[in-house]
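To keep things clear, I will list the structure first and then write my remarks on it.
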Amino acid sequence: RDEELALIVGQRLSNTLDPEGAAGFLQGFLEVNALALVKSRPVVAALDAFLTGIEGARFRDALPVLRRAFAVLGPTERRYLLENLLAVRNIGEKAREAQAILLEKDKDKLKAMSADLSQAMDDLDDLL
C-alpha cells in the first residue's frame with residue numbers, strides 16, 4: 001500500500017516543470033488525508049525528491065501553494081513528516097553520532113576543567 005501510494009504521489013509530483021500544478025495536487029492530497037502521506041516513508045521520499053528537484057525560480061513561484069499545502073498539517077503530522085524526512089535522508093543517525101562526539105568532547109573539557117579547578121582549590125588552600 002505504501003509503495004503504491006508513493007508511486008502515485010511520485011508520478012504526480014514528478015513534473016518539476018510545473019511545480020505549481022504538482023503543489024496543487026499535494027495541497028489537495030494533504031487536505032484529504034495528511035496522516036497517510038506523512039506517515040509513509042516512501043511517500044515522504046517522493047515528496048523530498050520533488051521539493052529538492054524544483055529549480056530555484058520555479059520554487060519561488062510554487063511557494064504560496066506549498067505553504068497552503070503544508071499549513072493543514074497539525075503537530076502530529078509535522079512530527080511524522082520530520083521523523084520520516086530525517087530517516088529518508090539518514091540525518092537522524094548522523095545527528096546522534098555528532099551529538100555523541102560533542103558529548104565526549106564536553107566530557108574531556110569537563111575533565112580538564114575539573115583538574116584546573118582542583119589545582120586552583122589546592123593553591124587557595126595553600127594560601128589560607
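Rule-based calculations on the coordinates, nothing more; no lab input. Note that this is a predicted model, so its numbers are computed, not measured. Heads up, the Cβs are rebuilt from the backbone with ideal geometry, glycines too, and the neighbour counts pull from every protein chain shown.
Mean projected area of the convex hull spanned by the Cα atoms of the chain, taken over all viewing directions: 11.9 nm².
Each peptide in 36-46, 84-94, 4-14 gets a packing score, the mean of other Cβ atoms within 10 Å over its residues, and the list from highest to lowest is 36-46, 4-14, 84-94.
Computed over the stretch 2-80, relative contact order equals 43 percent, with contacts defined as Cα pairs under 8 Å that lie 6+ residues apart.
Relative intensity of the stretch 1-73 on a log10 scale, I(q)/I(0) at q = 0.13, 0.23, 0.27 Å⁻¹, equals -0.31, -1.00, -1.33, per a Debye sum over C-alpha point scatterers of equal strength in the absence of solvent.
Each residue of the stretch 63-71 was assigned a 3J(HN,Hα) from its phi angle through the Karplus curve 6.51 cos²θ - 1.76 cosθ + 1.60 (θ = phi - 60°); the sequence is 4, x, 5, 5, 4, 5, 4, 7, 5 Hz, with glycine and proline shown as x. Across the stretch 47-89 the C-alpha pair distances fall into 5 Å bins from zero in the proportions 5, 19, 24, 25, 19, 7, 0 percent. Above 16 Å, the calculated P(r) of the stretch 30-69 contains 43 percent of its Cα-Cα pairs. For the stretch 81-89, backbone phi angles converted through the Karplus equation (6.51, -1.76, 1.60; θ = phi - 60°) give residue-by-residue couplings of 4, 5, 4, 6, 5, 4, 5, 4, 8 Hz, Gly and Pro being listed as x.
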